Structures are given as C-alpha cells and as structure tokens.
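Written out below as structure tokens is the structure these notes cover.
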Amino acid sequence: MSLLPRTAEEFSSADYWERFFKKRGERAFEWYGDYNKLCGILHKYIKLQDKVLVVGCGNSELSEQLYDVGYKHLTNIDISETVVAHMNQRNAERRPDLTFHQVDATQTPYEDASFQAALDKGTLDAVASEEEGALARRMITEVSRVLRVGGRYVCVTLAQESVIKLAVDHFVQIGCAVRLHCLQEERGKEEEDAFALPVFVLICTKFRQPMPTPILEMCIGDDGAPVRHTRVCELLSAVREYQGYSVLRKRLRTSTDPSSNLCLTLCDAKAGLPRYTLTVQDCPPGAKVPRPNQFAIFIVPRGSETAWLYSSTEGRRQLAASANFRRLVVVSMHRNQEYTDMQAVQSELSPVVMDLAPPGMPTNQQVPFLSVGGGLGWREEVSRGVSQLSGEYCVENVRGEDGELYRRLVFLSNISLVQSESRLVSSNTASSHKKKNKKKTKAASTAVTLSAGVSVDSGFLCCAHHEVMVAGLSMLGVGTPQNKDDPVSVLLVGLGGGGLPQFLRDFVPNATVEVVELDPVVLEVAKEWFGFRPDGRLTVTLGDGLERICSLEKEGGHLFDVIMFDVDNKDSSLGMSCPPAGFVATPVLQKVFNLLTPRGLFILNLVCRDPVLRKNVLERVRSVFPTILSRKIAEEINEVLLCSREEKDAAHILPSMSQAAKNFQSMLSADRTKPKQRPHIDIAEMLENLKIE
C-alpha cells in the first residue's frame, strides 16, 4: 500500500515565498533540476518525434541535453535578446539544428495547434508575480492556443499556491486533464537548506471537447500511481502537504532536536484517510547511546494511543530514554483501518521511515521495529454515532496492556482523549457470581450485564482522577462510627459513561446522586454501552450544569454534601480543557458554596496546561473556599481540588486524612467477602501526596 504524507501548511504564505526567492537569489532556478533529474518524466510525456515549444529557455542546458538524446524538433524561445544570441552561438557548431528565437511567450508568431508539447522550466514561476498574474495568464493562454489536441503543457515548477492555482484553474476551465508529479529527492543527498522544496511537474493535456468532470491527479515520483481529486482545492492541499513533508524530511535528515516533537500523518493513498501518525523523539545531547543504536521505530499497540507514555511529550521522552536510541519514531495506528500483523506494518512503513532517519545514518542500515509484546494490540469498534453537541463519536472495546478488556467512548474531534472508560468482564462470570450471591442487594453486585457476552465492572474506576474524587469523601468523615448511617447527597456535573456516579450509588451506603448532563446522546450511550442504570438513588437531569446550579440556588432549600465538577471544555484552543471557564467564575463558585451543607465539599477535576491560568483559577477558588487540598494525578495533567466549606486547621488536616481514609475503606469493603464484589480502590493511596493550597 502506498502512503501519502500529511503535514502542516505554510506554503500558501506570501512571506514564505518571499524569503525563499530572497535567500536563493540567482541560484533559485538551479533548484528545478537538470536533465538527469527530469528525464524520466520528460520521456514519459514528450515523444522524440514531437514538435516541442520550449518556453522561456534561458541559458539552461536542458534543451541541449534533450537534443543530444534524440529530440530534434525543439523550438526554443526567450524574451532576452542577449540570452538568445548567446545560446545560438554556443550551439552553432555542435548542434546546428537547435535554434533559439527571441519571442515574447505571451504573443508568439506560431499558428494554432503548431506543437505537440510545450516545455516550461521555471518560466511560469518567474512571470506569475508580474502584473498580479496577468502576464502568466496571457502566457498560458498562448501556450493553450499553439498546442494540438492531445498535446501537453509540461511545466516544471515549485508549485507556489497562487501560481499553481492560476495554471490549474485555466487548464481545467478549457477542459484539459491535469496531473501533477512530485519529484522526490534521492535519499542521502540532503544539504543544510531551510528551503528544501520538492520540484513538481504539471502536465496539462488538451482535449478536443471539455471534460464534463475535471480530471485532477497527483503522482509521487516519475511513475507513481495517480491519486484522483475531485476539486482544485483538494489538489492544492495535496501539494502543500508534500511541500511540508519535504521541509520536514530535510530538517530531520540534517539536524536533531529533542524538544521539537515533530509529527507526521501518513494516509492511505487510495482512500486518503489517516493510517499512521508518526512522532519523532530525539535523545538529548550528551546522552550515552551505543553507536549501533541510531534509529528505531516503536509501534504503539492499538488501544494504547492515549496512554501517557505514548500521547504526552514527557511520556515519549521517557520511552525514548528507555529504548536508548538516538532517534525514536513513535507510530500510532488509526481507527477504521485494517492491519494484518506486525510484519505487514513493517513492510508498509519501511519505504517511508528512512526519510526520518537522523543525520549521518547510512541509507543501508537496518532499522529495528519495537513494540510491547511483539503484537499490534486489539481494538473493536462496537458503535458509532453523531451528537449535535459533541460531534461524531465511537464506542470501542480495546485490550489493555494489562490483558484486561476495556470499553471506551471517544469523540472523534479529539481522538487523543478518552471521554469515558470502563473495564469489562465476561457475562458468564458475572451471571455465575450473581447466582452464588442472589441474597445480596443489588448494590453489592459489581457487574452490570450488557449484550454480546460482556459486562461492565462497576466496582472498577478506570480514571485515577475519579478514584481521587471518591477518596475525597473521606473529608466528610464518611465511614466514621458517628457518621456511618448519615446520608450523603451528591450533585455531579458531567456524566460520561456513568462510571463515577454508579460507583457512588453502588458502594457508598446512603448515597444519593443527581447527575447533570448537557448532551442527551451521552446519556443514551451510557445506558446502552456502559451499563448505566439510573434508579431512585441515582437520577439524571438533562440540561446545562451552570443553569442547574443557578436554578437550585434560586429555589433554595436543597443542599448537597458534595458537589463535583467533572465536565470537559469543548474549546480545545484554551489552556484549560476541564472544566469550561464559566464553571470556575467567582459568582458560580459562590453559588456552589451556597448549595453545600455546613460540612459540604466541592470537588473539582482540573485539567490546565497554562500555569498562569491555573494560578488564576486557584485564586478564585481560594476567595470562596477556606480550605483547599490538591492532588496531582501521576503521569497526567489532571489534578483534583478538594474544597471544604469549613475552615480546617492546616496543621491537623493532612494527618487526620489518614484515619479518615481507613474508615472509608472499611466501610466500602464491609460485608463483601468475595473479591469480585469489592470496589477496586485504595483510598489511602488515592489520598497520598495531598497538598494544601
């Protein structure tokens, strides 16, 4: 399978091209290549017997080289009298039939349909900036006129977006078929040049009648299989992708940068869908890397892409340090793609990965492929749908690196984030367990049966921040002898798959939970695929969480022992992905304070990459709540804030949490003698490393 690169865009920027031509100066048109580089493509589209108009020939040796290999019907034109005189003089003896003429390419003296081919090496690029493109339009209009039906305009170009769009629009409008070849630089011939642009060859074939549907194709190399595009904008996008890839490739082959985290997506050439994402991680300078360990490829098991080790910068650095290679490329596989086995993946990636090798590495050196357990992992999509609020989503089963089976909800607008996750167990095991313990209450069962032979283990919280949020109930004195029979009322904003509220209902005696969820689709997904079962102690209010808080405060009389915010921010451009900014505005925090009982606790899942923004959030929370404890989640960005309505003695609060954790743990485990019935949580561990804010 052929793979196409997809990288960042910069090449539609006028500033980029201004810097390009300024830096290359007189050398600019050497970049288009000589006969040796272009011969494959030229021989493919121009026959030896063809009458060829060479547009803007300049003093290039290309016409001379073509003449020497058998092209005897070349008409070379250039607007410069000096160049024409020089070229005629240079070829008078050796190539008497090779002639050069001073002709304006926008108004030639030749009859209609005089030539089978028109060859342009850099001339279109040179004139496109003149008269706001008007000069280039007149030139290609003239070229179209002098070409015969079936004739081809063969243009060697750097494919600046405004230039290539001008040409493609013109030839599509007059009914020509358009094909672009991207000529790849031979490996091992990189030079240190920031403007490492690929050369393109534009082929426009003249038809007798205009095509009803434009033919727009892109090929890689001289003989690469054409990829068909339906619109000009798609073709231009493909050009930008290859330009970006070329610059990325040059950068990687000429330098190392441990902090860069360069990323590249490889697409299925036929379908155009993302197939692999490659992230480059270099070792820091001075690292003691064995000489043979220059370069390796690490294949992330399917279903593990969102793990901290593979998805975060810090994790990939740790992975690279453990692998101990000078450069490690971390490869993730995409959803909706088929992968046979590790050998097939290696075969597919091998032609590409040498482009990403570190400087100085021999092109014939073998590159090892690394993985966990030697396999590709396993992922099965069980449902897919669309939410009007959150976009397209999928529910999938994955096999974790621990060998356990998990179910995940992922919104495809942010595939690196698992929205919800639950551990699955066999329904046979769950059914057998229920029969043996049929006298137990419903709350004692940890498995909620689903279809397809699996059940959700409701006693297992997959997210560490959920475990900390549950453990935070220790601050209420839950489980102490004096409080063991007290009811605990919880308001939770954010449902997800329903694992957290269901755990609270099932394992915290006398707990009642109201969940506020904005998206009705999320509620349906939780019920159908995550075994979520509301009842008298666990209710769901569909609506906006902020509006619900305002409504409850306005109504008065309804207080909660715990209010939890576990809601994500749909705007990924902000430095805080959880919660949305409105949830930590001071007026809202004050309303939360007012809705808490005197012993009440506000628990916030905070995900904030911006240290300044985090500081501002903490200042707002401190202005309302007198006591705040924070717990960072290891290997994640999440942290949980435990905010008490009561002012607690800073000297005693942390020591007191130890005994409170033991009491809470005992209460959770009480009357549950079977391991399968126990909630899988270590309260004391979750309350380690608490910090007073």
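The values are calculated or read from the model by the stated rules, or taken from the named source; none is laboratory data. Since the structure is predicted, the reported quantities are computational estimates derived from the model, not experimental observations. Note that we place each Cβ from the backbone using ideal geometry, even for glycine, and neighbour counts take in every protein chain shown. When the accessible area is computed, the model is the full protein with side chains, heavy atoms only, and any ligands, DNA or RNA have been set aside. Shrake-Rupley method; radii C 1.70, N 1.55, O 1.52, S 1.80 Å.
For the range 502-534, the set of residues classified as open to solvent by 50 Å² or more (accessible area, probe 1.4 Å), more than 37 Å from the chain's Cα centre (by Cα) and within 23 Å of VAL425 (Cα to Cα) is empty.
Please report, ordered by residue number, the strands (runs of 3 or more DSSP E) entirely within the range 195-253 with at least 3 residues that are within 27 Å of the chain's Cα centre (by Cα).
On the way: elements: 199-205, 216-220, 227-229.
Because the criterion is at least 3 residues that are within 27 Å of the chain's Cα centre (by Cα), the strands (runs of 3 or more DSSP E) in the range 195-253 that meet it are 216-220, 227-229.
Considering every residue within the range 126-142, establish whether at least one is touching a strand residue (DSSP E or B) at 6+ places or on another chain (Cβ under 6 Å), buried (at least 19 other Cβ atoms within 10 Å of the Cβ) and among the aliphatic types (A, V, I, L, M). Walk me through how you get there before you give the answer.
So the first thing to find is which residues in the range 126-142 are touching a strand residue (DSSP E or B) at 6+ places or on another chain (Cβ under 6 Å), and the list is none.
Scanning the range 126-142, I find no residue that is touching a strand residue (DSSP E or B) at 6+ places or on another chain (Cβ under 6 Å), buried (at least 19 other Cβ atoms within 10 Å of the Cβ) and among the aliphatic types (A, V, I, L, M), so the answer is no.
Within the range 339-371, take every residue that is open to solvent by 40 Å² or more (accessible area, probe 1.4 Å) and within 17 Å of TYR245 (Cα to Cα) and give me the one that is modelled with the highest pLDDT. Among those that are open to solvent by 40 Å² or more (accessible area, probe 1.4 Å) and within 17 Å of TYR245 (Cα to Cα), it is SER350. Just one of the numbered conditions (1) at positive phi; (2) surrounded by 19 or more Cβ atoms within 10 Å (Cβ to Cβ) is not true of GLY543: (2). VAL395 passes every criterion in (1) farther than 30 Å from ALA526 by Cβ; (2) at pLDDT 85 or above apart from (1).
Across the range 275-325, the number of residues qualifying as part of a loop (DSSP other than H, G, I, E, B) and either surrounded by fewer than 21 Cβ atoms within 10 Å (Cβ to Cβ) or at pLDDT 90 or above (or both) comes to 19.
For the range 254-274, filtered to residues that are over 14 Å from HIS229 (Cβ atoms) and not in a loop (DSSP other than H, G, I, E, B), the residue that is most open to solvent (accessible area, probe 1.4 Å) is CYS263. Strands (runs of 3 or more DSSP E) fully within the range 534-635 that include at least 1 residues being at pLDDT below 95: 576-578, 596-608, 627-632.
I'd like the residue in the range 372-387 that is assigned to a loop (DSSP other than H, G, I, E, B) and in contact with a helix residue (DSSP H, G or I) (Cβ under 9 Å, 6 or more places away or on another chain) and, out of all such residues, is most open to solvent (accessible area, probe 1.4 Å). Walk me through it before giving the result.
Step one: list which residues in the range 372-387 are assigned to a loop (DSSP other than H, G, I, E, B), which gives 372-376, 378.
Filter again for in contact with a helix residue (DSSP H, G or I) (Cβ under 9 Å, 6 or more places away or on another chain), leaving 374-376.
On the way: GLY374: 50, GLY375: 28, LEU376: 13 Å².
Only one residue tops the list, namely GLY374.
Of the residues making up the range 650-670, none is assigned to a loop (DSSP other than H, G, I, E, B), surrounded by 17 or more Cβ atoms within 10 Å (Cβ to Cβ) and among the aromatic types (Phe, Trp, Tyr).
Residue count for the range 291-323 satisfying the condition of being within 19 Å of PRO362 (Cα to Cα) and touching a residue at least 12 places away in the same chain (Cβ under 8 Å): 5.
Would you confirm whether any residue within the range 251-263 is farther than 30 Å from GLN318 by Cα and out of contact with any helix residue (DSSP H, G or I) (no Cβ under 8 Å at 6 or more places or on another chain)? No, the range 251-263 contains no residue that is farther than 30 Å from GLN318 by Cα and out of contact with any helix residue (DSSP H, G or I) (no Cβ under 8 Å at 6 or more places or on another chain).
Here is a yes/no grid of residues against (1) of a type outside the set (Ser, Thr, Tyr); (2) more than 13 Å from GLN294 (Cα to Cα):
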| residue | (1), (2) |
| --- | --- |
| VAL330 | yes, yes |
| ARG335 | yes, yes |
| GLN343 | yes, yes |
| SER347 | no, yes |
| PRO351 | yes, yes |
| LEU356 | yes, no |
| GLY360 | yes, no |
| THR363 | no, no |
| PRO368 | yes, no |
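Identify, from the list VAL84, VAL55, the residue that is open to solvent by less than 20 Å² (accessible area, probe 1.4 Å), at pLDDT 90 or above and either aromatic (Phe, Trp, Tyr) or in contact with a helix residue (DSSP H, G or I) (Cβ under 7 Å, 6 or more places away or on another chain) (or both).
Details: VAL84 fails: either aromatic (Phe, Trp, Tyr) or in contact with a helix residue (DSSP H, G or I) (Cβ under 7 Å, 6 or more places away or on another chain) (or both).
VAL55 is the lone residue from the list that is open to solvent by less than 20 Å² (accessible area, probe 1.4 Å), at pLDDT 90 or above and either aromatic (Phe, Trp, Tyr) or in contact with a helix residue (DSSP H, G or I) (Cβ under 7 Å, 6 or more places away or on another chain) (or both).
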